[in-house]
Structure formats: C-alpha cells, structure tokens
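The values are calculated or read from the model by the stated rules, or taken from the named source; none is laboratory data. It should be emphasised that the depicted structure is a prediction, and the values quoted were computed from it without experimental measurement. Every residue, glycine as well, gets a Cβ built from its backbone with ideal geometry; the counts of neighbours run over all protein chains shown.
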Amino acid sequence: MPAIIILGLMALIFYFTSASKRQKAARQAIENKQAMAVRAQSICAYFDQVNGARAFPEIPTSLNLKRDEFALCDTTASLYEYRKQSYRTGGAVRVMKGVYVGGSQQHSYDSLQAIDEGKIIVTNHRLVFVGSKKTSTVNLADLLTVEEADGAMEIHSAKRQKPLLLQVPGMDTALLVLLIKLCSSGDFKGRFLPDGLHMKPATDGDGNVSVSVQMETAETLVSYV
C-alpha cells in the first residue's frame with residue numbers, strides 16, 4: 001500500500017478520534033453544568049422553605065443541646081487526614097566489577113486518607129464529629145474558613161493547628177457549608193427565624209449559590225462558591 005494512502009488513513013483516524021473526544025468532553029461539560037444547576041435549585045428551595053416556615057427544619061439528634069441550640073445536620077461522616085506517602089525511583093547500575101553508577105531517589109507527597117468513620121452533628125453553635133476512634137468539636141465562633149474540597153469539607157478553626165476534613169455522604173456538602181457559614185455569623189439564636197430577618201437565596205450561571213440575610217437595619221451576604 002502506497003505510503004501516502006497509509007498517511008491519509010492515519011490522518012483520518014486521528015481526526016475522527018479527536019472529534020469523538022471533543023464531543024464527549026462537550027457532552028460531559030453540559031451534563032456537569034446541568035447537575036450543578038439542579039443542585040443549586042435544591043439548595044435555593046431549602047432556604048425558600050425555611051424562609052416560608054420562619055423556622056429551620058427540626059432535626060432529631062443524640063447530642064446534648066445547649067440553650068438556644070438546634071441541630072442542622074445529624075448524619076454519617078468519614079474523617080480524613082493528609083498523610084505523607086513516599087516512593088523510590090531509579091537504582092544503581094553496575095558497569096564493571098565494583099563500579100556502580102546512578103542511584104535511587106525517594107519522593108514524598110501528601111495523600112488524603114480516611115482515618116475514622118462516625119457521624120457529624122452540626123448545630124447553630126458547633127460542629128461535632130463522633131467517630132469510633134476520636135471525637136472532634138469546632139465551635140462556630142472559632143471558625144476561620146469552611147470550604148468544599150475534593151468532595152469533602154475542609155474546616156479551619158482558630159483553636160486547631162490542622163484543618164478538619166470530613167466527607168458527608170448523607171447531605172449535600174454545598175448546603176452544609178453554606179449553613180455553617182450562615183450560623184457562624186451568630187444571627188440565629190434558635191430554630192425559629194427572628195422577627196425582621198429574611199433569607200433570599202440566589203444562584204448564578206455557574207451553579208454557585210449565595211444567600212442574602214436581610215435584617216430591618218442591616219444586610220449580611222454569605223456566599224458559597
């Protein structure tokens with residue numbers, strides 16, 4: 001077979017393979033955007049219901065609640081930590097008797113690993129993880145940041161050296177992150193909304209949700225991105 005025909009066939013195969021990959025990537029992008037939009041609508045619906053009922057849902061919990069404290073979440077969770085992993089590459093090669101060249105090198109990287117299973121309880125005052133090996137508590141008054149990272153929540157507290165990393169399969173992590181941010185402001189002293197307080201959720205074209213907490217005399221904007 002002439003070389004030019006072989007080259008032409010190879011070019012056609014490359015073209016159709018590349019086109020197929022581009023189409024697959026485009027479909028995946030559309031599906032991801034649609035999923036984000038559905039997720040955002042669900043989060044907005046939650047806050048619309050809270051605003052309409054003038055109260056957060058009543059969540060049963062085994063936690064001993066303090067005065068004016070109410071549960072926002074009580075579900076299963078996994079505790080994660082970043083731990084060092086190492087591996088070696090290369091090796092010495094013998095070039096003659098008693099003479100070796102090269103050598104191995106050790107490399108290390110941080111790997112996210114599950115270290116405990118249990119439950120997470122989030123209230124308007126604190127976040128508690130109760131596991132089979134350890135229990136961790138973060139007071140929302142000490143909260144520095146809380147974000148969603150790699151499908152898990154990453155919580156930084158002024159009272160902890162390392163972040164608390166939790167995966168919560170039983171609840172939308174984006175909603176939980178937003179609830180924690182809202183309650184860390186201290187505006188919610190009980191399950192029922194204060195008189196004059198209104199929450200207005202909104203979503204942008206990328207599926208990000210923000211909640212405008214409006215008071216009679218002030219307005220606070222808390223966003224989940």
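Condition first: buried (at least 17 other Cβ atoms within 10 Å of the Cβ) and of a type in the set (S, T, N, Q). Now tell me which residues in the range 154-202 satisfy that.
Answer for the range 154-202, where residues must be buried (at least 17 other Cβ atoms within 10 Å of the Cβ) and of a type in the set (S, T, N, Q): 157, 167, 173, 184.
Are there any strands (runs of 3 or more DSSP E) wholly within the range 138-216 with 2 or more residues that are free of Cβ contacts under 8 Å to residues at least 24 places away in the same chain, and if so which?
Once the strands (runs of 3 or more DSSP E) in the range 138-216 are filtered for at least 2 residues that are free of Cβ contacts under 8 Å to residues at least 24 places away in the same chain, what remains is 143-149, 152-157, 209-214.
Considering the range 51-86 alone, what residues qualify as being modelled with pLDDT of 90 or more and under 18 Å from residue 151 (Cβ atoms)?
73, 75, 76, 77, 78, 79, 80
Please tell me if residue 151 is at positive phi, within 14 Å of the chain's Cα centre (by Cα) and surrounded by fewer than 20 Cβ atoms within 10 Å (Cβ to Cβ).
Against the criterion (at positive phi, within 14 Å of the chain's Cα centre (by Cα) and surrounded by fewer than 20 Cβ atoms within 10 Å (Cβ to Cβ)), residue 151 qualifies.
Listed residues 1, 10; which is in a loop (DSSP other than H, G, I, E, B), at pLDDT below 80 and out of contact with any Cys (no Cβ under 7 Å at 6 or more places or on another chain)?
Every option except 1 fails the conditions.
Restricting to the range 112-128, name every residue that is within 16 Å of the chain's Cα centre (by Cα) and buried (at least 18 other Cβ atoms within 10 Å of the Cβ).
Answer for the range 112-128, where residues must be within 16 Å of the chain's Cα centre (by Cα) and buried (at least 18 other Cβ atoms within 10 Å of the Cβ): 120, 122, 127.
For the range 46-57, state whether one or more residues are among the aromatic types (Phe, Trp, Tyr) and not in a loop (DSSP other than H, G, I, E, B).
Yes, some residue in the range 46-57 is among the aromatic types (Phe, Trp, Tyr) and not in a loop (DSSP other than H, G, I, E, B).
Can you tell me how many residues within the range 131-150 are under 14 Å from residue 81 (Cα atoms) and of a type in the set (A, V, I, L, M)?
1
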